[in-house]
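What follows is one structure encoded as structure tokens, with my remarks underneath.
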Amino acid sequence: MVNLTKFAVKRPVTIILCLITIAYFGVQSLLGTKVELTPEMDLPMLVIGTVYAGASPEDINDLITTKQEDAISSLDSVDTINSYSKDNVSIVLVQYKYGTNLDTAYINLKKQLMESAMICQMISKSPEYWN
């Protein structure tokens with residue numbers, strides 16, 4: 001530490017040039033950084049909505065939502081399943097692990113829900129899928 005202090009006192013021009021160089025490269029890197037207010041993100045999530053007109057949330061949960069959740073839970077690369085049962089509608093949010101191809105996940109999800117949908121078609125409209 002003492003040697004650094006002696007060097008700085010003996011050669012102040014060298015220290016000033018080093019500090020100016022560090023500041024210059026710092027400003028250049030700051031100006032060259034790209035900042036986006038809304039960066040593009042692809043969330044690996046699919047949404048399933050099923051309408052059952054005239055049903056209470058309890059009926060929706062018992063007749064539709066739990067069957068869909070059971071069918072979805074056996075799929076590969078599913079991270080979390082969130083469901084909401086409201087008056088006349090069931091909404092199931094399926095979140096996949098990052099890096100999952102959503103096109104194949106959609107096809108697998110649709111195949112898996114076909115059996116559940118056939119049972120539910122007797123009482124509701126066919127489920128709709130959103131990406």
Mean Cβ-within-10 Å packing, highest first, puts peptides 49-62, 18-31 in the order 49-62, 18-31
HN-Hα couplings for segment 30-42 via Karplus (6.51, -1.76, 1.60; θ = phi - 60°), in whole Hz with x for Gly/Pro, come out as 5, 6, x, 7, 8, 10, 10, 6, 10, x, 6, 10, 10
Excluding near-sequence neighbours (fewer than 8 apart on one chain), the chain holds lysine pairs with C-alpha atoms under 20 Å apart numbering 9
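Hey, could you get me the Stokes-Einstein D for the chain, Kirkwood radius over alpha-carbon pairs, 20 °C and 1.002 mPa s, rounded to whole µm² s⁻¹?
113
So what is the relative contact order of the chain, in percent, for Cα pairs below 8 Å that sit 6 or more residues apart? Can you show the working numbers first?
Working: 151 pairs, mean separation 39.1, N = 131.
Reported as a whole number, the value is 30 percent.
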Checking segment 1-109 for trypsin sites (Lys or Arg not before Pro) in a loop per DSSP with at most 16 other beta-carbon atoms within 10 Å yields Lys34, Lys97
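Where a number appears in this text, it was derived from the coordinates with a stated rule and is not lab data. Remember, it's a predicted structure, so these values are computed and weren't measured experimentally. So basically every Cβ, Gly included, is an ideal-geometry build from the backbone, and we count neighbours across all protein chains shown.
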